[in-house]
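Written below as structure tokens is the structure these notes are about.
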Amino acid sequence: MIASIKGTIKFKKENFLVLENQGIGYKVFVPENILLGKNSGDELELFIYQHVREDALQLFGFLTLEELELFEKLISVSGVGPKTGMNAFSVASAKDIKSAIVNEDPAILKKVSGIGAKTAERIVLELKNKMAVLVGFDGIKTSEEMNADSDVIDALVSLGYQARQAQEALKKIDPEIKESGAKVKAVLKFLTK
């Protein structure tokens, strides 16, 4: 069982990269933030989830153990496969996904390709207690903060920015800014630097 891989990025495509280690290239499906933030030739270490089916063996990679554990929890829910679980990280950060589950707010999960309203509600229902035990309540956003962040991301997407790009920029602004309109202005200022 492969648990982690450290190597050099040989090349990357739309939803995966090939990570070379000791002359062997591993095709690893990764979240969008890794693809956007890394280039061919960069060194990278990933925590790996190895998915085995009768017709395929696939590797899914994450930068942190926290992301891997959350991914494993997501795919434990009926109706959520590895590719759908990976799509969740293209829409939101691990912290935001955990916050949505703990606050019983499936809105952000509904934005994930492959997750409808019923599946989002099932994820919240099945993982709420597991998430509270896994993370405690440290670093969890309130429902109001989640809604404000979601509004900001929706506004930026409507202006032509990618959801993940908006999500990353939102992390970089002053956390003391609470009002949605002020957040949008701060993120736009950051993005236009």
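Do any chymotrypsin sites (Phe, Trp or Tyr not before Pro) in region 1-37 lie in a loop, going by DSSP, with at most 13 other beta-carbon atoms within 10 Å of their beta carbon, and if so which? Could the numbers behind the result be given before it?
Numbers: sites: F11, F16, Y26, F29; in loops: none.
Here no loop site has a sparse enough neighbourhood.
Starting from the Cα of K193, draw a straight line to each of the aspartates and glutamates and keep only those under 16 Å, dropping any in the same chain fewer than 8 residues away.
Leaving aside aspartates and glutamates fewer than 8 places away in the same chain, those within reach of K193 are E168, D174.
Suppose only helical runs count, i.e. DSSP H with n ≥ 4. What mean residue ellipticity at 222 nm does that imply for the chain under -39500 (n - 2.57) per run, divided by all residues and rounded to the nearest 500 deg cm²/dmol? Can you show the working numbers first?
Numbers: 9 runs with 97 residues, N = 193.
Mean residue ellipticity at 222 nm (helix-derived): -15000 deg cm²/dmol.
Hey, which of these cross-link pairs are over 30 Å Cα-Cα: K83/K185; K83/K189; K10/K183; K73/K172; K83/K171?
Numbers: K83/K185 33 Å; K83/K189 33 Å; K10/K183 38 Å; K73/K172 27 Å; K83/K171 25 Å.
Over 30 Å apart, Cα to Cα: K83/K185; K83/K189; K10/K183.
Of all trypsin sites (Lys or Arg not before Pro) in region 1-98, which ones are in loop regions per DSSP and have a Cβ with at most 14 other Cβ atoms within 10 Å?
In loop regions of region 1-98 (DSSP not H, G, I, E or B), the sparsely surrounded trypsin sites (Lys or Arg not before Pro) are K13.
Which net charge results when you count Lys and Arg as +1 and Asp and Glu as -1 among the other residues whose beta-carbon is under 15 Å from that of N15?
+4
What percent does the relative contact order of region 65-135 come to when contacts are Cα pairs within less than 8 Å and at least six residues apart?
The value is 32 percent.
Looking at region 1-98, which GluC sites (Glu not before Pro) are DSSP coil and have at most 13 other C-beta atoms within 10 Å of their C-beta?
Answer in residue order: E14, E54.
Coordinate-derived values only; no laboratory data. Given the structure is predicted, the values throughout are model-derived calculations rather than measurements. Here Cβ is always computed from backbone atoms with ideal geometry, including for glycine, and neighbour counts include all displayed protein chains.
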